[in-house]
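Structure first, commentary second.
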Amino acid sequence: MPYSNPVFDQIVKNFIKRHKFTNYLDIGIGSGKYGKIIKNIFPKAKVFGVEVDKSYIKQFNLKKIYDGVYNEKIETFINNRPDFITELAIIGDCIEHLKKSNGLNLIHFLVYRCKYILIVFPSKYIQYSWQGHTSEAHMSVWDEKDFEQFDYKFRKKKFINLVVVRGYLSDPAAIVKS
């Protein structure tokens, strides 16, 4: 579904307010919830999004919310943009729609290119295609153990999980070469 559970919305808002970033990437835009949250807090922020379902871009008028919308699979996005960087990437109710290997590849890619990654996902929530949208089917199961290789914090409320992964761009000691 192009909507996500609101259980961690206030925590996400507080995180965004506290960090005051200017560049964001929203992966799996859906109805545009995170873009709206960011723009309400920081109207001048640059917010880009990736959405595989072209009909959502039109239905939810996403081009009016985001500074740029990429209509492609996230796998294509990262393969075509090896030099992409941002301060915060949000994967909100999306990672479970990817094959596990693709989801892990995405996190590894983002760790090199972000200060932080916020990941929200459900546990034991069965979902197949939704109203003809095949991209809505859940493809992989995630839990806290999947993030142990990263610098992360994990929270769970009922069946919804929030992971904050610290990227290398947040570490002043990280070596950045251009």
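The values are calculated or read from the model by the stated rules, or taken from the named source; none is laboratory data. For clarity, every value in this text was computed on a predicted model and none was experimentally measured. Here Cβ is always computed from backbone atoms with ideal geometry, including for glycine, and neighbour counts include all displayed protein chains.
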- Message: Looking only at residues that are assigned to a helix (DSSP H, G or I) and small (Gly, Ala, Ser) in the stretch 90-115, which one is nearest to the chain's Cα centre (by Cα)?
- Response: GLY103
- Residue count, the stretch 137-158, condition modelled with pLDDT of 95 or more and either exposed (fewer than 14 other Cβ atoms within 10 Å of the Cβ) or not aromatic (Phe, Trp, Tyr) (or both), comes to 13
- Is it the case that the stretch 163-172 has a residue that's more than 24 Å from ARG81 (Cβ to Cβ), surrounded by 14 or more Cβ atoms within 10 Å (Cβ to Cβ) and not acidic (Asp, Glu)? no
- Message: Against the definition (out of contact with any Lys or Arg (no Cβ under 7 Å at 6 or more places or on another chain) and buried (at least 23 other Cβ atoms within 10 Å of the Cβ)), how does GLY68 come out, yes or no?
- Response: no
- Query: Taking the condition closer than 29 Å to LYS20 by Cβ, without any contact (Cβ under 8 Å) to a residue 40 or more places away in the chain and surrounded by 12 or more Cβ atoms within 10 Å (Cβ to Cβ), does PHE121 pass?
  - Reply: no
- Close pairs (6 angstrom Cβ cut-off, 6 or more residues apart or separate chains): surrounded by 19 or more Cβ atoms within 10 Å (Cβ to Cβ) in the stretch 75-88, in a helix (DSSP H, G or I) and of a type outside the set (D, E, K, R) anywhere: ILE78/PHE109
- Task: Examine the stretch 45-54 for a residue that is under 22 Å from PRO6 (Cβ atoms) and part of a helix (DSSP H, G or I), and state whether such a residue exists.
- Result: no
- Task: Output the residues belonging to the stretch 57-71 that are out of contact with any strand residue (DSSP E or B) (no Cβ under 8 Å at 6 or more places or on another chain) and part of a helix (DSSP H, G or I).
- Result: LYS58, GLN59, LYS64
- Quick one: is VAL12 farther than 25 Å from LYS156 by Cα and out of contact with any His (no Cβ under 8 Å at 6 or more places or on another chain)? no
- Task: Inspect the stretch 121-135 for any residue being under 15 Å from the mean Cα position of the chain (by Cα) and either within 20 Å of PHE8 (Cα to Cα) or modelled with pLDDT under 95 (or both) and give the result as yes or no.
- Result: yes
- Filter the stretch 123-178 for residues that are in a loop (DSSP other than H, G, I, E, B), among the hydrophobic types (A, V, I, L, M, F, W, C) and under 17 Å from SER4 (Cβ atoms) and give the result. ILE126, ALA137, MET139, TRP142, PHE159
